[in-house]
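Structure first, then comments.
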Amino acid sequence: MTGRLSGKSAVVTGGAQGIGLAICRRLAEAGAHVVAGDLRSPQDGNLAWKPLDVTDEDSVTGFIEAVAAEQGGIDILVNNAGIMFERSLAGQSANDWDRMMAVNLRGPFLMARHVVEQMAARGGGAIVNIGSLEGIACNPGHTAYAASKAGVHGLTVALAVDLGPVGIRCNAVAPGWIDTDLNRVYVESHPDRDLVMAELGRLHPVGHVGDPLDVADVVVWLASEESRFVTGQVITIDGGRHARLSLPSIMNRA
Ligand code: NAD
């Protein structure tokens with residue numbers, strides 16, 4: 001296939017479903033050879049994948065070495081694997097906190113740490129981290145998640161500074177509400193799913209929540225040469241939700 005990522009070798013963590021799967025599909029449509037790394041096999045049986053636990057350094061090095069050996073190297077890393085839970089501060093153990101940090105922050109660090117050599121050997125590359133709007137603002141009960149995603153944004157800037165000299169760019173996207181399994185528990189905690197989705201949509205100037213492909217299209221741009229002078233950035237993808245200020249609901253403005 002020819003495309004703007006033709007001949008590129010890409011890896012996507014957490015690529016089995018949701019946003020990661022959409023990213024795998026869009027990267028492949030752009031011509032890249034894509035391998036998903038995940039704890040489980042992908043929902044799409046056509047996708048190339050290998051088992052990966054991003055919290056485990058041996059698993060990370062084994063995954064990267066295996067992909068590099070098969071593909072001749074790695075040009076694009078998308079750090080997408082992530083978890084989310086809602087818990088009050090008092091109801092949260094140190095183990096809960098450590099688990100969130102292990103997947104959401106240690107994972108991207110380990111992947112970047114071990115992929116750099118591969119990318120540098122090919123003259124450079126692109127790292128795209130999936131942060132979150134919750135690394136910028138926050139819902140109640142999200143101390144660990146918000147802290148982990150703010151950490152991802154900080155890691156992004158630091159990697160851009162350190163890796164620019166070897167030709168590696170690093171950017172992040174900060175998605176708002178994207179309809180995936182990650183937030184389905186919240187939606188399904190109310191008996192009327194349609195009502196919840198309609199109310200969620202009303203929070204967004206564009207009138208609806210996001211789709212995984214809305215994130216994937218920006219990730220492909222950040223992975224491509226079209227964004228060659230862009231590094232160290234965190235791009236919000238939220239349908240304008242964070243841009244709109246709240247007003248008292250009794251004032252009845254649209
Ligand atoms: P999801 O739960 O649908 O998919 C997450 C994937 O990560 C799963 O396939 C899971 O198996 C994998 N994963 C989890 N732990 C892993 C580990 N240790 N090693 C390897 N893979 C692991 O979630 P999603 O909504 O697609 O989220 C993807 C990313 O986007 C996450 O980093 C999430 O924080 C971020 N995000 C999501 C939203 C949203 O509204 N859905 C918003 C902002 C950011």
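A short reminder: the numbers here are calculations on the coordinates, not readings from a lab. Model, not experiment: these values are computed from the prediction. Neighbour counts are summed over all protein chains in view; Cβ atoms, including those assigned to glycine, are modelled from backbone coordinates with ideal geometry.
One table, with the values for the structure above:
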item: Simple Cβ-charge dipole of segment 133-254, Lys/Arg +1 and Asp/Glu -1, about Cα centre, in debye nearest 20; result: 400
item: Built amide H within the under 5 Å cut-off of residue 235, gap 5+; result: 172, 173, 174
item: Rounded to whole Hz, the Karplus (6.51, -1.76, 1.60) HN-Hα couplings of segment 148-160, x for glycine and proline; result: 5, 6, 4, x, 4, 5, x, 4, 4, 5, 5, 5, 4
item: Helical contribution to [θ] at 222 nm, DSSP H n ≥ 4, -39,500 (n - 2.57), averaged over the chain, rounded to 500; result: -12000 deg cm²/dmol
item: Packing-based ranking, highest mean first, of 68-80, 7-19, 114-126 given that Cβ atoms within 10 Å are counted; result: 7-19, 68-80, 114-126
item: Nearest-ten-degree value, helix 193-202 long axis tilted from longest Cα axis of the chain; result: 90
item: Order of 85, 109 under a 10 Å beta carbon neighbour criterion, fewest first; result: 85, 109
item: Rh by Kirkwood over Cα pairs, then Stokes-Einstein D for segment 1-147 at 1.306 mPa s and 10 °C, µm²/s; result: 100
item: The chain, dipole about Cα centre (Lys/Arg Cβ +1, Asp/Glu Cβ -1), debye to the nearest 20; result: 540
item: On Cα atoms only, tilt of 212-223 relative to the major axis of the chain in degrees; result: 40
